[in-house]
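Asks: Below is a structure I'd like to ask you about.
The values are calculated or read from the model by the stated rules, or taken from the named source; none is laboratory data. Note that the coordinates shown come from a computational prediction; the quantities given were computed from them, not determined experimentally. Every residue, glycine as well, gets a Cβ built from its backbone with ideal geometry; the counts of neighbours run over all protein chains shown.
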């Protein structure tokens, strides 16, 4: 497990420590990739023990939908972001190259887990989940700042895209514009998310520099094709 560096319990899982067999070895938490459902359930139990609470994992749609979770272990509707202000609720964002982002609002104690892929970032998933956190703030006094942890994801050196796609995304998020080692068009999604969160007033932003494609310790769909998924997990305290 990789500590997320936030003031609440928050971490990113790795491949290690689970029960799944190759090519999902071993701590795969996704139930939609072809892995044995019994193994996935056992892996999720392992993650829940580390979190100290049952984890509600999101089902990503590469959009901007935000779902509110109100009780521990509640099943979530399909959404790319989960938000809760209920103590004891743990949220999980599943990824394997897209960017898992964990958010904490020091003013309310509310937390969020976000799956930020290329299309979700372009459409505004980061803005939408921050708006949901601010909606929680609207009903109480403001005292405290928001913080974020951006987890492991494919880096700009490895995320080659068509030139037209780079132009489209970077028109909205200029810091996403980059090139691969070979000089071909690419996108740097983690950098773009960090820049957007800074624009939105986040006082603390922790950003992992680990690339999922480059690190064998993490799942990467882009590298391996058939594989598992890791997760970013955050607990409302």
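Asks: Of all the residues that make up region 1-32, how many are surrounded by fewer than 19 Cβ atoms within 10 Å (Cβ to Cβ) and not in a loop (DSSP other than H, G, I, E, B)?
Replies: Residues meeting the conditions: 2.
Asks: Still on this structure, I have one more. Answer with yes or no whether residue 67 is outside any loop (DSSP other than H, G, I, E, B), touching a strand residue (DSSP E or B) at 6+ places or on another chain (Cβ under 6 Å) and either at negative phi or surrounded by fewer than 17 Cβ atoms within 10 Å (Cβ to Cβ) (or both). Let's see the steps before the verdict.
Replies: Details: outside any loop (DSSP other than H, G, I, E, B): yes; touching a strand residue (DSSP E or B) at 6+ places or on another chain (Cβ under 6 Å): yes; either at negative phi or surrounded by fewer than 17 Cβ atoms within 10 Å (Cβ to Cβ) (or both): yes.
Spelling it out, residue 67 is indeed outside any loop (DSSP other than H, G, I, E, B), touching a strand residue (DSSP E or B) at 6+ places or on another chain (Cβ under 6 Å) and either at negative phi or surrounded by fewer than 17 Cβ atoms within 10 Å (Cβ to Cβ) (or both).
Asks: Collect the residues in region 172-194 that are closer than 14 Å to residue 99 by Cα and either outside any helix (DSSP H, G or I) or without any contact (Cβ under 8 Å) to a residue 60 or more places away in the chain (or both), keeping them in residue-number order. Working first, answer last.
Replies: Applying the first criterion (closer than 14 Å to residue 99 by Cα) to region 172-194 yields 176, 187-194.
Of everything in region 172-194, those that are closer than 14 Å to residue 99 by Cα and either outside any helix (DSSP H, G or I) or without any contact (Cβ under 8 Å) to a residue 60 or more places away in the chain (or both) turn out to be 176, 187, 188, 191, 194.
Asks: While we're here: Which condition number does residue 44 fail, the rest of (1) under 23 Å from residue 116 (Cα atoms); (2) part of a helix (DSSP H, G or I); (3) touching a residue at least 40 places away in the same chain (Cβ under 8 Å) being met?
Replies: (3)
Asks: Confirm whether residue 148 is within 18 Å of residue 57 (Cα to Cα) and in contact (Cβ under 8 Å) with a residue 12 or more places away in the chain.
Replies: no
Asks: Now for a different question. Is it fair to say residue 39 is over 14 Å from the mean Cα position of the chain (by Cα), assigned to a loop (DSSP other than H, G, I, E, B) and either modelled with pLDDT of 95 or more or buried (at least 20 other Cβ atoms within 10 Å of the Cβ) (or both)?
Replies: When the stated conditions are applied, residue 39 does not pass them.
Asks: Shifting gears a bit: Which condition number does residue 96 fail, the rest of (1) surrounded by fewer than 17 Cβ atoms within 10 Å (Cβ to Cβ); (2) in contact (Cβ under 8 Å) with a residue 60 or more places away in the chain; (3) over 18 Å from residue 132 (Cβ atoms) being met?
Replies: Only one criterion is unmet by residue 96, namely (1).
Asks: Just to be sure I understand, how many residues within region 195-204 are in a helix (DSSP H, G or I) and free of Cβ contacts under 8 Å to residues at least 60 places away in the same chain?
Replies: Number of matching residues: 3.
Asks: Is there a residue being in contact with a strand residue (DSSP E or B) (Cβ under 8 Å, 6 or more places away or on another chain), part of a helix (DSSP H, G or I) and farther than 27 Å from residue 106 by Cα anywhere in region 145-157?
Replies: Step one: list which residues in region 145-157 are in contact with a strand residue (DSSP E or B) (Cβ under 8 Å, 6 or more places away or on another chain), which gives 145-157.
This time we only want the ones that are part of a helix (DSSP H, G or I), so: none.
Within region 145-157, not a single residue is in contact with a strand residue (DSSP E or B) (Cβ under 8 Å, 6 or more places away or on another chain), part of a helix (DSSP H, G or I) and farther than 27 Å from residue 106 by Cα.
Asks: Sticking with this one: Which of the following residues is modelled with pLDDT of 95 or more, closer than 19 Å to residue 200 by Cβ, under 18 Å from the mean Cα position of the chain (by Cα) and not in a strand (DSSP E or B): 169, 129, 83, 114?
Replies: 129
Asks: Does residue 102 satisfy the criteria of being assigned to a strand (DSSP E or B) and in contact (Cβ under 8 Å) with a residue 12 or more places away in the chain?
Replies: yes
Asks: Give me the residue from region 75-91 that is touching a helix residue (DSSP H, G or I) at 6+ places or on another chain (Cβ under 8 Å) and crowded, with 24+ Cβ neighbours inside 10 Å and, out of that set, nearest to residue 233 (Cα to Cα).
Replies: In this case the residue turns out to be 90.
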